[in-house]
Amino acid sequence: MVERTVGIVGGVGPESTADYYRRFIDRWRVRGPADTYPAVLLNSLNSRAALGAMLNGDIEPTVTLFSRAVDQLAAGGAGLAMVASVMMHMAYSRVAATAPIPMLSILDALVDGAKARGLGRLGVLGARPTVEGDLGLSGQSAAGDLVTLALLPGAAVTPPPGIPARRVPDELSWEGLLEEIFEADQVIAW
């Protein structure tokens, strides 16, 4: 069997990077060969400047940083790249178009997984650029999927056209929010 190496662009949010890696390993244990681990390269970015620019509406530093990270993963032997951040997917199409290796969109995987499970309500919880950016949600809504944006207390966000927003009550704890999310027929990405 030929060993394939997956590259993960991380560091945008260390917690999400760790979560993607842990879930990838957990899934491998279920579906991969017994008593093995996958070959994974992790490129952890110092993305503060790029994220700051993105918060101010300038995506170019993110495209540059993200592209360089994928190039480095390919040079290190990765045959597939994915990004451990929903927000960085605002640059995904531009980076994937010129990437030296195939890329996996976590948003496409999210939608495909929801459809395969018969879920019709997709929810997104994320930072302001994530939820204000389209990220394909308008297309999902136009295709007949019910997409709802959950807004945390104090969030001043303008959702993409056609996407309804639901305010989360101030008194709902983080644990309560997670319980509500995972009890519902929806998929949440953050």
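Here are the numbers for the structure shown:
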{"read-out": "Positions within segment 1-49 being part of a loop (DSSP other than H, G, I, E, B) and surrounded by fewer than 14 Cβ atoms within 10 Å (Cβ to Cβ), in sequence order", "value": "MET1, VAL2, GLU3, ARG4, GLY32, PRO33, ALA34, ASP35, THR36, TYR37, ASN46"}
{"read-out": "Pick from segment 50-92, criterion assigned to a loop (DSSP other than H, G, I, E, B), within 12 Å of VAL12 (Cα to Cα) and not β-branched (Val, Ile, Thr), ranking: modelled with the highest pLDDT", "value": "ALA84"}
{"read-out": "Enumeration of residues in segment 79-105 that are over 10 Å from GLY7 (Cα atoms) and in contact with a His (Cβ under 7 Å, 6 or more places away or on another chain)", "value": "SER105"}
{"read-out": "Some residue of segment 28-47 being at positive phi and free of Cβ contacts under 8 Å to residues at least 40 places away in the same chain", "value": "yes"}
{"read-out": "Qualifying residue in segment 144-156 (condition: modelled with pLDDT of 85 or more and in a strand (DSSP E or B))", "value": "no"}
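The values are calculated or read from the model by the stated rules, or taken from the named source; none is laboratory data. This one's a predicted model, so the numbers in the text were calculated from it and none came from an experiment. Positions of Cβ are backbone-derived with ideal geometry, glycine not excepted, and every protein chain shown enters the neighbour counts.
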